[in-house]
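In what follows, a structure is listed as structure tokens, so that the remarks can point back to it.
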Amino acid sequence: MTRDTAEARRYHRLLRRIGFADLTLGLLVMSVLLATNWTSDFRNFAFKLGGDHYSVALFIYTTIVLLLTKFLSLGLDYYGFLIEHRFHLSNQRLRGWAWDQIKGFALVFVFGQVLAQVVYFLIRFQPQWWWVIGWVLFLVFSMLLTHIAPVLLFPLFFRFRALTDEDLTARLTRLSEKAGAKVRGVYEWMLSEKTKKANAALMGLGRTRRIVISDTLLSSCNHDEVEAVLAHELGHHVHNHMLKGVAVESIITFFGFWCLKIAIRWAALDWKRYDQIDFANLPLMVLVSTAISVALFPLMNAYSRFNERQADLYSWKSLGSVQPFCSAMDKLADQNLSEREPSPWVEVLFHSHPAAGPRVRAAQNWADSHK
Ligand SMILES: [Zn+2]
């Protein structure tokens with residue numbers, strides 16, 4: 001396999017810097033709110049404006065925090081948009097990008113407000129067990145979200161249409177029957193309106209379960225290669241990776257909610273700054289949740305790479321050949337300007353998928369040992 005171009009390396013170095021800057025900025029904003037105690041000023045202002053009504057004040061306070069963080073990170077978001085253009089990967093105009101930003105913020109706003117109301121309602125009326133009840137509700141909500149995402153959330157940003165190619169549909173049906181698996185359908189994901197990059201994914205739960213494959217992938221790969229990608233996605237389905245993901249998430253969020261309980265008790269009893277029911281402690285909750293996600297990021301990525309390797313193996317087995325898989329990986333790495341051979345620590349820290357280089361080598365090793 002060809003070596004990485006300097007361009008691919010530069011592109012990914014920039015992406016990592018943007019990610020790092022975005023994370024630092026988020027942590028910094030929350031730390032400043034707490035250190036200066038501006039969070040209390042915001043809370044007082046919210047109560048004044050909300051006529052001393054707790055839920056209204058919480059809504060106003062959350063709105064201030066959400067608007068502030070979005071406003072401060074807008075520059076980095078725009079820089080990300082420019083980078084995609086600089087590396088000739090984007091098909092999106094500024095107007096479309098701005099519209100996506102508005103829709104994205106609207107979603108964050110709605111979910112953020114609901115989350116804040118539910119969490120502080122529980123803290124006020126179930127001060128002992130709020131974190132356990134919160135955790136259960138969070139899981140139910142997260143399952144629901146996975147279920148509705150392909151039909152309600154993703155269509156806010158992308159167009160999808162049923163895959164019409166008869167040969168490909170027939171191949172997928174054959175693969176599914178061999179696996180004894182039932183996938184509701186395959187959809188063409190109109191990604192070319194936004195990017196030149198290619199992608200495919202398994203989405204949804206139960207009745208909304210489907211494979212989506214981008215039009216950009218369909219136009220760059222031949223049918224054998226597309227079949228290898230479809231078999232990989234089917235591998236995720238057969239190995240039940242979505243549900244296992246939810247199970248792993250449930251363990252982590254249980255730990256997360258427990259940490260939040262400890263943190264706000266500490267702020268009330270030891271730091272003596274914010275009562276537990278005082279939503280001015282919200283930046284502390286955000287800090288703690290972010291710190292946990294960052295700390296667990298390498299572990300979650302390792303878990304994801306394990307699943308990806310399992311899905312790859314499924315693809316090779318069901319096709320009985322690794323050649324279409326290898327050439328698809330090669331094409332997609334080119335198309336997405338991926339790093340084929342990132343340094344080991346980059347892969348361990350940041351990659352949710354094994355890089356194309358190791359993936360192709362693993363396929364060839366498997367083929368050699370199954371001759
Ligand atoms: Zn995958």
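The values are calculated or read from the model by the stated rules, or taken from the named source; none is laboratory data. What you are looking at is a predicted structure, and each value in this text was computed from that prediction instead of being measured. Cβ placement follows ideal geometry from the backbone for every residue including glycine, while neighbour counts extend to all protein chains displayed.
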**Message:** Here is a check on your reading of the model: is Ala162 within 16 Å of the ligand (Cβ to nearest atom), among the aliphatic types (A, V, I, L, M) and touching a residue at least 24 places away in the same chain (Cβ under 8 Å)?
**Reply:** no
**Request:** Please specify each residue of segment 285-330 satisfying the condition of being farther than 22 Å from Leu217 by Cα and either of a type in the set (Val, Ile, Thr) or touching a Leu at 6+ places or on another chain (Cβ under 6 Å) (or both).
**Result:** Met285, Val286, Val288, Thr290, Ile292, Val294, Pro298
**Request:** Return only the number of the condition from (1) surrounded by fewer than 16 Cβ atoms within 10 Å (Cβ to Cβ); (2) touching an Asp or Glu at 6+ places or on another chain (Cβ under 9 Å) that Tyr11 does not satisfy.
**Result:** (1)
**Request:** For segment 157-174, name all the residues that are small (Gly, Ala, Ser) and either in a helix (DSSP H, G or I) or under 19 Å from Leu319 (Cβ atoms) (or both).
**Result:** Ala170
**Complete:** Matching residues in segment 226-282 (closer than 30 Å to Asn44 by Cα and not in a helix (DSSP H, G or I)) number 9
**Message:** Take the conditions surrounded by 15 or more Cβ atoms within 10 Å (Cβ to Cβ), closer than 18 Å to Tyr120 by Cβ and not hydrophobic (A, V, I, L, M, F, W, C) and apply them to Gly50. Does it pass?
**Reply:** yes
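Filter segment 317-332 down to the residues that are within 26 Å of Ser192 (Cα to Cα) and either over 21 Å from the mean Cα position of the chain (by Cα) or modelled with pLDDT under 95 (or both) and list them by number.
Those that are within 26 Å of Ser192 (Cα to Cα) and either over 21 Å from the mean Cα position of the chain (by Cα) or modelled with pLDDT under 95 (or both): Pro324, Phe325, Cys326, Ser327, Ala328, Met329, Asp330, Lys331.
Yes/no matrix, rows are residues, columns are (1) closer than 21 Å to Glu225 by Cβ; (2) not aliphatic (A, V, I, L, M):
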| residue | (1), (2) |
| --- | --- |
| His147 | no, yes |
| Leu152 | no, no |
| Ala170 | yes, no |
| Ser176 | yes, yes |
| Val186 | yes, no |
| Glu193 | no, yes |
| Lys196 | yes, yes |
**Fill in**
Among strands (runs of 3 or more DSSP E) entirely within segment 175-225, at least 1 residues that are away from the ligand (no atom under 16 Å from the Cβ) and more than 25 Å from Gly320 (Cβ to Cβ) occur in 186-189
**Boolean, Met143 is within 30 Å of Glu308 (Cβ to Cβ), under 17 Å from the mean Cα position of the chain (by Cα) and within 16 Å of the ligand (Cβ to nearest atom)** = no
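Can you tell me which residue among Trp131, Trp135 is away from the ligand (no atom under 16 Å from the Cβ), over 29 Å from His85 (Cα atoms) and touching a Lys or Arg at 6+ places or on another chain (Cβ under 6 Å)?
Result of the check over Trp131, Trp135: Trp131.
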**Message:** One residue is enough: does segment 75-90 have a residue meeting the conditions of a type in the set (A, V, I, L, M), surrounded by 15 or more Cβ atoms within 10 Å (Cβ to Cβ), assigned to a loop (DSSP other than H, G, I, E, B) and on the phi < 0 side of the Ramachandran plot?
**Reply:** yes
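Rundown of residues vs (1) in contact with a Phe, Trp or Tyr (Cβ under 6 Å, 6 or more places away or on another chain); (2) among the aromatic types (Phe, Trp, Tyr); (3) in contact (Cβ under 8 Å) with a residue 12 or more places away in the chain, yes/no style:
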site: Ile133; (1), (2), (3): no, no, no
site: Asp167; (1), (2), (3): no, no, yes
site: Tyr187; (1), (2), (3): yes, yes, yes
site: Thr208; (1), (2), (3): no, no, yes
site: Ala228; (1), (2), (3): yes, no, yes
**Request:** Would you confirm whether any residue within segment 158-170 is surrounded by 13 or more Cβ atoms within 10 Å (Cβ to Cβ), over 23 Å from Ile277 (Cα atoms) and of a type in the set (Asp, Glu)?
**Result:** yes
**Complete:** Restricting segment 269-325 to residues that are of a type in the set (D, E, K, R) and closer than 27 Å to Val238 by Cβ, the one surrounded by the fewest Cβ atoms within 10 Å (Cβ to Cβ) turns out to be Lys317
**Prompt:** For segment 267-293, which residues satisfy the criterion of being aliphatic (A, V, I, L, M) and under 16 Å from Trp38 (Cα atoms)?
**Reply:** Ala267, Ala280, Leu282, Leu284, Met285, Val286, Leu287
**Prompt:** Which ones in segment 104-128 are farther than 25 Å from Thr69 by Cβ and either touching a Lys or Arg at 6+ places or on another chain (Cβ under 7 Å) or in contact (Cβ under 8 Å) with a residue 24 or more places away in the chain (or both)?
**Reply:** Pro127
**Prompt:** Quick one: is Asp22 acidic (Asp, Glu) and either more than 19 Å from the chain's Cα centre (by Cα) or within 27 Å of Pro342 (Cα to Cα) (or both)?
**Reply:** yes
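Within segment 236-273, work out how many residues are of a type in the set (D, E, K, R), away from the ligand (no atom under 16 Å from the Cβ) and in contact (Cβ under 8 Å) with a residue 40 or more places away in the chain.
Number satisfying all stated conditions: 3.
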